[in-house]
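Visitor: One structure, as structure tokens, below. Some questions next.
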Amino acid sequence: MGLNGHIFVTRRIPEAGLEILRESGAAVTVSQDDEEKGVEMSDLLAGIGGCDVLVPLLTEPLGSEQLEAGPGLLGIAQMAVGYNNIDVDAATELGIPVANTPGVLTETTADFTWAMLMAVARRIPEAHNYMVAGRYKLWGPNLFLGGDIGRGASGRRKVIGIIGYGRIGVAVARRATGFDMEILAHDPFNREGIEADGMADWAELPELLERSDFVTLHPPLTPETRHMIDEAALRRMKSTAYLINAARGPVVDETALVRALSKGWIAGAALDVFEDEPAMAPGLAEQPTAVLIPHIASASHDTRSKMATMAATNAIAHLRRERAPNVVNPEVYDTEAYRRRAGK
Ligand code: GLV
């Protein structure tokens, strides 16, 4: 392709993506190669200052200060579907297109949500720890009793409440139909979709919280969804219900969740994301009814490779001064600020 320019990749992304970037002919820098280390802010600012296209991960905060450090930046191609780490309004104002990787991780993330739901209800991690600690001495009828997911012996259909009925929420609903569940959904931006798709029934948030055996979270993180699950919401849930979060940590007030788990307001929680990742709220790690996972819901070999190739494709479109396939702020292309950057 023989492109000129410099693509700054903050941390090592899967090889399939790097290969596309390198084959473009652009100079490619991977700033941080150590998987356990983040990018130093000084390196991030210097990298943004010296590159044409930035390929970041959700671990890098990209606010005005960072965006303003890149007067020559033609675009950002983040390898993630979520982009709450990027101040998109500031990017638009500065004329910087921002792209993400939607769609490819939907099924993998919904699978993992289901794995979390089953793990917490049937207490699989707790039982595993018991085995490896050599504590299994004798089978017993009361060992690790958990909640049913299907009808179970009671015959009662379990109720799943899906908050955020976008691509991933819908994919979770499809899985719930296979378990013969009653599906409630709440999403102020997709009430029509809920009412039209024949799988879920619309419910206001209080009703969903009060009736669900499983509450699963799939909204983006926005000012409206921050702490959507707070103490009042947790108190509304059934004491036999489980909370699953594979969206973004701050959707849940984690300190209130620790209280809910320790006081038995709910039966358990499975979290793939945390409010102040990678830290956990004090007391969370000690809760036996919490299943805690390091943000890996989309981490299958195939999906992460595909996310990397999508990010690379977006990056190359930025470098070519073409519309990126997965731009989240398309209005940016009509701004004078973008035209100036792109030399158009
Ligand atoms: C992962 O959390 C993503 O947003 O892709």
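The values are calculated or read from the model by the stated rules, or taken from the named source; none is laboratory data. The shown structure was predicted, so the numbers you read here are calculated from the model rather than taken from an experiment. Cβ sites come from the backbone with ideal geometry, for glycine too, and all protein chains shown count toward neighbours.
For every residue, the table says whether it meets (1) crowded, with 18+ Cβ neighbours inside 10 Å; (2) aliphatic (A, V, I, L, M).
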position	(1), (2)
ALA153	no, yes
ARG156	no, no
ILE160	yes, yes
ARG174	no, no
ALA196	no, yes
LEU205	no, yes
PRO223	no, no
VAL251	yes, yes
ALA260	yes, yes
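Visitor: Does GLY103 qualify as being more than 21 Å from THR59 (Cα to Cα) and small (Gly, Ala, Ser)?
Guide: On the way: more than 21 Å from THR59 (Cα to Cα): no; small (Gly, Ala, Ser): yes.
The answer is no for GLY103.
Visitor: Next question, about the same structure. Pull out all pairs, ordered by first then second residue, where Cβ-Cβ is under 6 Å, the residues are six or more apart or on different chains, the first lies in region 251-269 and is assigned to a helix (DSSP H, G or I), and the second is at pLDDT 95 or above and among the β-branched types (Val, Ile, Thr).
Guide: From residues that are assigned to a helix (DSSP H, G or I), the pairs are VAL251/THR225; ALA260/ILE266; LEU261/THR289.
Visitor: When you scan region 255-273, how many residues do you find that are aromatic (Phe, Trp, Tyr) and within 12 Å of the ligand (Cβ to nearest atom)?
Guide: 0
Visitor: Sticking with this one: Just for region 82-107: of the residues that are near the ligand (Cβ under 10 Å from one of its atoms) and in contact (Cβ under 8 Å) with a residue 40 or more places away in the chain, which one is surrounded by the fewest Cβ atoms within 10 Å (Cβ to Cβ)?
Guide: Ranking the candidates gives ASN84 first.
Visitor: I would also like to ask the following. LEU21: at pLDDT 95 or above, buried (at least 18 other Cβ atoms within 10 Å of the Cβ) and not assigned by TED's automatic domain parsing to the domain that holds PHE274, yes or no?
Guide: Values: at pLDDT 95 or above: yes; buried (at least 18 other Cβ atoms within 10 Å of the Cβ): yes; not assigned by TED's automatic domain parsing to the domain that holds PHE274: yes.
Judged against the criteria, LEU21 is a match.
Visitor: Here's something else I'd like to know. Just checking, does region 2-16 include any residue being under 20 Å from ASN85 (Cα atoms), among the polar types (S, T, N, Q) and crowded, with 19+ Cβ neighbours inside 10 Å?
Guide: Yes, some residue in region 2-16 is under 20 Å from ASN85 (Cα atoms), among the polar types (S, T, N, Q) and crowded, with 19+ Cβ neighbours inside 10 Å.
Visitor: Could you check region 262-305 and list, in sequence order, the residues that are among the small types (Gly, Ala, Ser), within 19 Å of LEU105 (Cα to Cα) and surrounded by fewer than 19 Cβ atoms within 10 Å (Cβ to Cβ)?
Guide: ALA299, SER300, SER305
Visitor: Also, quick follow-up: What's the total number of residues in region 52-69 that are crowded, with 24+ Cβ neighbours inside 10 Å and part of a loop (DSSP other than H, G, I, E, B)?
Guide: The total comes to 1.
Visitor: Which of the residues spanning region 9-26 are over 13 Å from LYS306 (Cβ atoms), among the aliphatic types (A, V, I, L, M) and not in a loop (DSSP other than H, G, I, E, B)?
Guide: Listed by number, the residues that qualify are VAL9, LEU18, LEU21.
Visitor: Restricting the search to region 317-341, which residues are small (Gly, Ala, Ser) and either on the phi > 0 side of the Ramachandran plot or within 25 Å of the chain's Cα centre (by Cα) (or both)?
Guide: ALA317, ALA324
Visitor: Something else about it: Give the residues of region 291-322 that are more than 13 Å from the ligand (Cβ to nearest atom) and touching a helix residue (DSSP H, G or I) at 6+ places or on another chain (Cβ under 6 Å), sorted by residue number.
Guide: VAL291, SER305, THR309, ALA312, ARG321
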